[in-house]
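*Asks:* Next up is a structure, given as structure tokens.
The values are calculated or read from the model by the stated rules, or taken from the named source; none is laboratory data. Not measured: the values here are computed from a predicted model. Here the Cβ positions follow ideal geometry from the backbone for every residue, glycine too, while neighbour counts run over all protein chains shown.
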Amino acid sequence: MKNVTKYTLLLLWMVSTWSFGQEPQDCLSIQGDFVALTDSGKYRFTAEEGSHRQSQGLSSINFTELTSYQQYITASQRLIADKNPRATMPCPIITDTYQQLAKQNNWSATPEISQLIAPFELPQGNKEKAILLIHGLTDSPFIFHDLAQFFYQQGFTVRTLLLPGHGTAPSGLLDVSYQEWQHATKFAIETTLHDFEQVYLGGFSTGGALIFDYLMQQPVANKKIKGLLMWSPASKAKNDSAWLAQYVDYIPFVDWIDLDADIDFAKYESFPYNAAAQVHGIMSRIVGENAMDDRVLHDIPLFVVASEHDQTINTKQTLLLIEQWQQQASTAKTKKSALIYYGDKGSLPPTLLTSIKVMVPSCSAGEICEGIFDIAHTATTNAPDNPHYGAAGQYRNCGHYQTEPARYQECKEASKTIKGELRPENLNKEQPLQRLTYNPYYQHMLATMTGFLRATQLSVSD
């Protein structure tokens with residue numbers, strides 16, 4: 001009888017452990033817990049340093065002490081391991097870039113979250129040419145896993161940067177300053193310029209603004225820089241009240257604009273006021289009435305991807321910045337610049353059409369772009385077959401419904417959603433709107449980039 005009781009109690013303990021106590025097995029299994037995770041904020045805050053791992057403890061990276069890019073990557077990996085509460089969680093999102101990194105670093109076949117979001121380098125084994133890619137606000141280098149393969153196949157060593165406050169948890173942005181982003185950007189650009197003969201700089205959203213900001217502070221541009229590639233570059237917030245965030249952030253205990261489930265391993269979903277204040281600070285340096293009085297615009301060819309209906313960034317301000325930049329370009333280099341515009345070509349400034357090559361892709365029946373309402377800010381860098389953000393990816397961007405729990409759940413789980421940008425006309429449709437997270441014109445973009453790179457790389461005549 002005692003044995004029966006013992007085994008019965010053991011069985012009950014095991015069942016209760018399986019049902020209630022077991023942690024999610026991987027980054028995909030937590031996606032059904034979005035309501036509970038929003039309420040609990042479980043992944044909203046960074047882990048205590050070394051609390052559950054053998055660690056020396058690393059709270060931030062001192063860029064002045066770094067002597068190589070590989071040293072920076074190692075320090076970043078350690079920081080993520082210390083601070084990200086899900087760092088070691090398995091995440092069966094297998095990209096070509098991860099497979100290459102796994103072989104390069106002797107990693108396992110199934111990645112951990114830390115390995116997918118950390119900055120990386122794909123080396124060519126020579127010092128001829130490299131591209132440095134800088135992500136946007138709340139993002140991570142994962143957004144470049146698709147593009148990294150394209151550039152690597154073009155013969156580039158590919159480097160990515162993780163901006164301070166990122167790669168851990170949304171609370172990492174509560175106290176970060178844009179000056180920290182500037183220091184990181186300066187280190188990454190200048191180290192890459194030191195290491196390679198030809199350099200391209202690529203930025204998504206805030207990453208683009210940081211590149212412009214760095215260059216505008218240089219009296220003379222380094223001749224090694226052959227071109228800039230910008231996806232949805234940050235110029236001015238779409239919301240005209242965004243500048244208020246810097247003042248709201250001073251109010252005690254008022255920290256968050258948005259509170260979400262933070263189930264996306266590669267991008268923060270909760271959003272602090274301080275993050276908005278800092279990105280406003282960096283954008284106001286490069287464009288608008290308060291831009292730096294001594295900013296310098298350089299004769300460097302531009303490749304830009306922008307959407308007319310971007311609801312994060314004011315595309316009209318981006319176009320103005322492009323136009324101002326192009327006015328400094330020589331005729332020969334102006335002809336090499338290109339703009340892919342997802343919108344009505346008639347909405348572009350006439351003077352811009354004469355200073356840069358403009359392409360507006362069209363959609364034919366049966367193509368993957370069919371049925372897409374418009375191109376979102378979050379869509380430009382990811383391929384349709386991206387295993388996380390792509391057309392068949394499990395993740396859905398539904399944070400715009402966070403104040404409507406029923407609609408939020410419908411967006412996450414409905415068999416049919418519409419895809420596009422967060423425009424009122426889309427949000428008011430009967431079916432829930434899933435904010436687009438991949439570029440349905442991705443192959444067109446790659447073909448256009450190929451032409452840009454061929455036109456701008458060093459030739460014998462240079």
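*Asks:* Please go through region 429-444 and pick out each residue that is outside any loop (DSSP other than H, G, I, E, B) and out of contact with any strand residue (DSSP E or B) (no Cβ under 6 Å at 6 or more places or on another chain).
*Replies:* Tyr442, Gln443, His444
*Asks:* Then there is this: Return the residues of region 396-428 that are in a loop (DSSP other than H, G, I, E, B), in contact (Cβ under 8 Å) with a residue 24 or more places away in the chain and under 20 Å from Ser307 (Cβ atoms); say none if nothing qualifies.
*Replies:* If the condition is that a residue be in a loop (DSSP other than H, G, I, E, B), in contact (Cβ under 8 Å) with a residue 24 or more places away in the chain and under 20 Å from Ser307 (Cβ atoms), then Arg396, Cys398, Glu421, Leu422, Arg423 are the ones that fit.
*Asks:* Provide a single number: the residues in region 176-225 that are of a type in the set (A, V, I, L, M, F, W, C) and in a strand (DSSP E or B).
*Replies:* Final tally of qualifying residues: 4.
*Asks:* Name the residues in region 229-257 that are at pLDDT 95 or above, hydrophobic (A, V, I, L, M, F, W, C) and either in a helix (DSSP H, G or I) or under 15 Å from Val287 (Cβ atoms) (or both), would you? Outline the logic, then answer.
*Replies:* Of region 229-257, the ones at pLDDT 95 or above are 229-235.
From what's left, hydrophobic (A, V, I, L, M, F, W, C): 229-231, 234.
Result: Met230, Ala234.
*Asks:* Next up: One residue is enough: does region 388-403 have a residue meeting the conditions at pLDDT below 95, over 14 Å from Arg435 (Cα atoms) and not small (Gly, Ala, Ser)?
*Replies:* yes
*Asks:* In addition: Identify, from the list Ser76, Ser51, Ser55, the residue that is of a type in the set (Gly, Ala, Ser), part of a loop (DSSP other than H, G, I, E, B) and either closer than 30 Å to Lys186 by Cα or modelled with pLDDT of 80 or more (or both).
*Replies:* So the residue among Ser76, Ser51, Ser55 that is of a type in the set (Gly, Ala, Ser), part of a loop (DSSP other than H, G, I, E, B) and either closer than 30 Å to Lys186 by Cα or modelled with pLDDT of 80 or more (or both) is Ser55.
*Asks:* Checking the structure you have, find out if any residue of region 317-329 is more than 22 Å from Ile286 (Cα to Cα), at pLDDT below 95 and not small (Gly, Ala, Ser).
*Replies:* no
*Asks:* So in region 289-325, with the set limited to residues that are acidic (Asp, Glu) and surrounded by 18 or more Cβ atoms within 10 Å (Cβ to Cβ), which one is farthest from the chain's Cα centre (by Cα)?
*Replies:* Glu308
*Asks:* Restricting to region 177-220, count the residues that are over 21 Å from the mean Cα position of the chain (by Cα) and closer than 17 Å to Lys129 by Cα.
*Replies:* Residues that pass the stated criteria total 8.
*Asks:* Now, a different point. Considering each of Tyr268, Tyr341 in turn, give the residue that is at pLDDT 95 or above, assigned to a loop (DSSP other than H, G, I, E, B) and among the hydroxyl-bearing types (Ser, Thr, Tyr).
*Replies:* Of the residues listed, the single one that is at pLDDT 95 or above, assigned to a loop (DSSP other than H, G, I, E, B) and among the hydroxyl-bearing types (Ser, Thr, Tyr) is Tyr268.
*Asks:* For Thr138, indicate whether it is farther than 22 Å from Pro233 by Cα, β-branched (Val, Ile, Thr) and under 18 Å from the mean Cα position of the chain (by Cα).
*Replies:* Details: farther than 22 Å from Pro233 by Cα: no; β-branched (Val, Ile, Thr): yes; under 18 Å from the mean Cα position of the chain (by Cα): yes.
No; evaluated as a whole, the condition is false for this residue.
To keep it simple, each residue is scored yes or no on (1) assigned to a helix (DSSP H, G or I); (2) closer than 17 Å to Trp231 by Cβ.
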{"position": "Arg295", "(1), (2)": "no, no"}
{"position": "Leu320", "(1), (2)": "yes, no"}
{"position": "Ser355", "(1), (2)": "no, no"}
{"position": "Cys363", "(1), (2)": "no, no"}
{"position": "Glu367", "(1), (2)": "no, no"}
{"position": "Pro384", "(1), (2)": "no, yes"}
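*Asks:* Among (1) crowded, with 21+ Cβ neighbours inside 10 Å; (2) under 25 Å from the mean Cα position of the chain (by Cα), which single condition is His400 missing?
*Replies:* (1)
*Asks:* A further question on this structure: Find all pairs meeting these conditions: Cβ atoms under 8 angstrom apart; at least six residues apart or on different chains; first residue within region 84-104 and more than 13 Å from Gln149 (Cβ to Cβ) and without any contact (Cβ under 8 Å) to a residue 24 or more places away in the chain; second residue hydroxyl-bearing (Ser, Thr, Tyr) and assigned to a loop (DSSP other than H, G, I, E, B).
*Replies:* Cβ pairs passing all conditions: Ala102/Ser108.
*Asks:* Within region 427-447, identify whether any single residue is among the polar types (S, T, N, Q), surrounded by 15 or more Cβ atoms within 10 Å (Cβ to Cβ) and in contact with a Leu (Cβ under 6 Å, 6 or more places away or on another chain), and answer yes or no.
*Replies:* No - not one qualifying residue is present in region 427-447.
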